[in-house]
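Quick notes on the structure that follows.
The values are calculated or read from the model by the stated rules, or taken from the named source; none is laboratory data. Note that the coordinates shown come from a computational prediction; the quantities given were computed from them, not determined experimentally. Glycine gets a Cβ as well: all are built from the backbone with ideal geometry, and neighbour counts include every protein chain shown.
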Amino acid sequence: MADASIENAGLLVVDKAADMTSHDVVAKCRKAFNTRRVGHAGTLDPMATGVLVIGIERATKLLGLLSLTTKSYAATIRLGQSTSTDDAEGEVIESRDASGVGDEEIAAVVASLTGDIEQVPAKVSAIKVDGRRAHALVRTGAEFELQARPVTVHRFDVLDTRRDGEFIDLDVEVDCSSGTYIRSLARDLGAALGVGGHLTVLRRTAVGPFTLEHSRTMADVDENPGLSLGIDDAAKLCFPHRAISDDEAESISQGRWLEPVGMKGIYTVVDPSGQAIALVQEKGRRASSVMVVRPATLR
């Protein structure tokens, strides 16, 4: 049985403009798609641009699973200046002459910030401290410390180095795990070099399989609302597949479990007609759904 919440469900890949919050994008999408069921995977700061994955209708349930994937960024780091927010929107708190810092020194510290590292998030992040967002606490003048967290920087490449008086501007590309703060990489790079550093430009180029090539601007979405991917295609693009029979599809869509087949991680089970029925994870002797894409009532 067809259902509007399935037919209209899917993902929209937005190329977020600067000076918009992720919540602003969600609010505009609610209006454009005429539904309250809209969410996003992975917040982007107002100054940042680029890939923001939006879930519409039932696809909002996919977002928490998508946010676990690798993200990619293009950024510019300024060495020689520290700010209160570790980016260009904050107040300058210290300036030091970075002109004496050599390319080899930069490369060595970049290498030390690559791989599995411990990172302290920026204080203007969305991390919760005693139930409140860190960025909200900062505005109250409260004193607090954030704990370092394990993150993985898969790639940290310096593409261009521009020397301008006492400053050095580095154009970089970073592939990293979810929860990695590029602002914190800029801060830590500058701190390790003894001159301070902050982020001046940030553009997210990919979230998991979604890149800027898949994206649309909000102006385009306002004019012509439409999904980037329906929920079936999204579930099949983002996770490995397992083909199942109609009987198995009926079973998993009713909340029962399947026999495991030795697949690791979350995967999509697909019925003989090519419809994604559920996202499944195997534990012990069961392959249980972590999200039913098409419940029995909607099939």
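Tell me, yes or no, whether the stretch 161-174 has at least one residue that is in contact with a strand residue (DSSP E or B) (Cβ under 8 Å, 6 or more places away or on another chain), surrounded by fewer than 19 Cβ atoms within 10 Å (Cβ to Cβ) and under 14 Å from VAL151 (Cα atoms).
No, the conditions are met nowhere in the stretch 161-174.
Would you point out which residue out of ILE106, ILE54, ILE77 is modelled with pLDDT of 95 or more and within 26 Å of PRO209 (Cβ to Cβ)?
After applying the criteria, what remains is ILE54.
Have a look at ASP97, ASP45 and point out the one that is of a type in the set (Asp, Glu), surrounded by 21 or more Cβ atoms within 10 Å (Cβ to Cβ) and either at pLDDT below 90 or over 16 Å from THR200 (Cβ atoms) (or both).
ASP45
Kindly check whether there is at least one residue in the stretch 1-12 that is outside any strand (DSSP E or B), in contact (Cβ under 8 Å) with a residue 60 or more places away in the chain and farther than 30 Å from GLU250 by Cβ.
No, every residue in the stretch 1-12 fails to be outside any strand (DSSP E or B), in contact (Cβ under 8 Å) with a residue 60 or more places away in the chain and farther than 30 Å from GLU250 by Cβ.
In the set VAL25, VAL14, VAL38, which member is touching a Cys at 6+ places or on another chain (Cβ under 6 Å) and surrounded by 20 or more Cβ atoms within 10 Å (Cβ to Cβ)?
The unique qualifying residue is VAL38.
Just to be sure I understand the filter: pairs with C-beta atoms under 7 Å, separated by 6 or more residues or on different chains, first member in the stretch 231-259 and closer than 21 Å to GLU7 by Cα, second member assigned to a helix (DSSP H, G or I) and of a type in the set (Lys, Arg). Which pairs pass?
Filtered contacts from the stretch 231-259: ILE231/ARG58.
From the list SER289, SER184, pick out the single residue that is outside the structural domain of ASP45 (by TED's automatic domain parsing) and free of Cβ contacts under 8 Å to residues at least 60 places away in the same chain.
SER289
Does any residue of the stretch 250-259 turn out to be touching a Gly at 6+ places or on another chain (Cβ under 8 Å) and under 20 Å from GLU57 (Cα atoms)?
No: zero hits.
How many of the residues in the stretch 107-116 are part of a loop (DSSP other than H, G, I, E, B) and of a type in the set (A, V, I, L, M, F, W, C)?
1
Please work out which one of (1) charged (D, E, K, R); (2) in contact (Cβ under 8 Å) with a residue 60 or more places away in the chain; (3) not assigned by TED's automatic domain parsing to the domain that holds PHE33 is the condition LYS264 fails and give its number.
(2)
GLY102 versus (1) in contact (Cβ under 8 Å) with a residue 60 or more places away in the chain; (2) over 30 Å from PRO295 (Cα atoms): which is the lone unmet condition?
GLY102 satisfies all of (1) in contact (Cβ under 8 Å) with a residue 60 or more places away in the chain; (2) over 30 Å from PRO295 (Cα atoms) except (1).
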